[in-house]
Amino acid sequence: LKPTSAAQSTYTSNKFDYNSAWLDNTSYNGIQSWMWKRGQGCDIITYTGNGTAGRPIFHSLNQVPEMIWVKKRNDTSNWTVYNKGFNGGTNPEQYYLHLDESVAENTGSDKWNDTAPTSTHFTIGNSNSVNENTHTFIAMLFSSVTGISKVGSYTGTGSSGLSITVGFQPRFILFRGRNAGGPWRVLDSVRGLGTGDDKDLGLNNTAAQITNFDWLDVTSTGWTINTT
């Protein structure tokens, strides 16, 4: 799925059931991927919309999802995002962001029906981006796993040196300004996370990675931000 387009089936070299990798082709280079296994901390489900507000969508996380991405598969739409840190953690189910945009968080009861997710399901409204009648959707759910993954939020200080603690040394970091907008930035250890050249990629655009910028220093329990 590209930023807002429908799912496509024309990329014959992308074999996602390939035994040793997801790309069955040797002619490409400069490609980066991140892969999450469905299980503890991550669930991926599909459903067909019915246009009815208040509809529960059941999942298998066995804990409350802390971040949810929903995308229409058969037509153009935004990636609609829920995160427990929206609005500073107060009634986050009343807010949403788009994974393919850089605007600030917004309110909208038609996304999550103003209903907090539970350990068995999340609730959707009647918005076409999450529940258009007869259209097909994919939902990706994430939750924290001690020592492995963390979904959270923090408040910036405007000064370098802010330390973020997650309880383990991260290899993949995705962060985004919520109340003032900004790009979805991805840093990872394969491309130099914590080495002084953190090579930022943005999820909300198709631009090449930004190089020669020292975003942060990785620690055994999180990271320290090096920029204002």
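The values are calculated or read from the model by the stated rules, or taken from the named source; none is laboratory data. All figures in this text were calculated on a predicted structure; none of them were measured in a lab. Every residue, glycine among them, receives a Cβ derived from its backbone with ideal geometry; neighbour counts consider all protein chains shown. Accessible surface areas use protein heavy atoms only, side chains included; no ligands, DNA or RNA. Shrake-Rupley method; radii C 1.70, N 1.55, O 1.52, S 1.80 Å.
Key figures for this structure:
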item	result
Interchain or long-range residues, amide H under 5 Å from residue 150's placed H	145
Accessible heavy-atom area order of 154, 47, highest first, probe of 1.4 Å	154, 47
Heavy atoms of residue 101: accessible area, 1.4 Å probe, square angstrom to 10	60
Semi-axis lengths, Å, the chain, gyration tensor of Cα atoms, sqrt of 5 times eigenvalues	28, 23, 17
Cβ-defined net charge surrounding residue 123, 11 Å radius [Lys, Arg +1; Asp, Glu -1]	0
Cβ-defined net charge surrounding residue 190, 10 Å radius [Lys, Arg +1; Asp, Glu -1]	+2
Probe 1.4 Å, all protein chains present, accessible-area order of 217, 200, largest first	217, 200
Karplus-derived HN-Hα couplings along the stretch 203-209 (A = 6.51, B = -1.76, C = 1.60, θ = phi - 60°), whole Hz, x at Gly and Pro	6, 8, 8, 10, 6, 5, 5
D_trans [Stokes-Einstein, Kirkwood Rh over alpha-carbon pairs] for the stretch 75-121, 10 °C, 1.306 mPa s, µm² s⁻¹	142
Pairwise label distance in nanometres, residue 226 with residue 190, each label 7 Å out on the Cα-Cβ vector	2.2
Å³ per residue enclosed by the Cα convex hull of the stretch 105-228	142
Solvent-accessible area, 1.4 Å probe, carbon plus sulfur percent, for the chain	47
Percent RCO, i.e. relative contact order, over the chain, from Cα pairs under 8 Å lying at least 6 residues apart	19
Share of alpha-carbon pairs per 5 Å distance bin for the stretch 54-145, given as whole %	3, 15, 27, 28, 19, 7, 1
With DNA, RNA and ligands ignored, accessible area of residue 189 (1.4 Å probe; Å², nearest 10)	50
Peptide ranges 82-88, 125-131 listed from the most packed, as the mean C-beta count within 10 angstrom indicates	125-131, 82-88
Cα convex hull of the stretch 39-82, projected area averaged across orientations, nm²	3.7
Helical mean residue ellipticity (222 nm; -39500 (n - 2.57) per DSSP H run of 4+; nearest 500) of the chain	-500 deg cm²/dmol
Which of 37, 199 is most accessible, then next, and so on - probe 1.4 Å	37, 199
Approximate shape of the stretch 152-201 as ellipsoid semi-axes (Cα gyration tensor, √5λ), whole Å, largest first	19, 14, 11
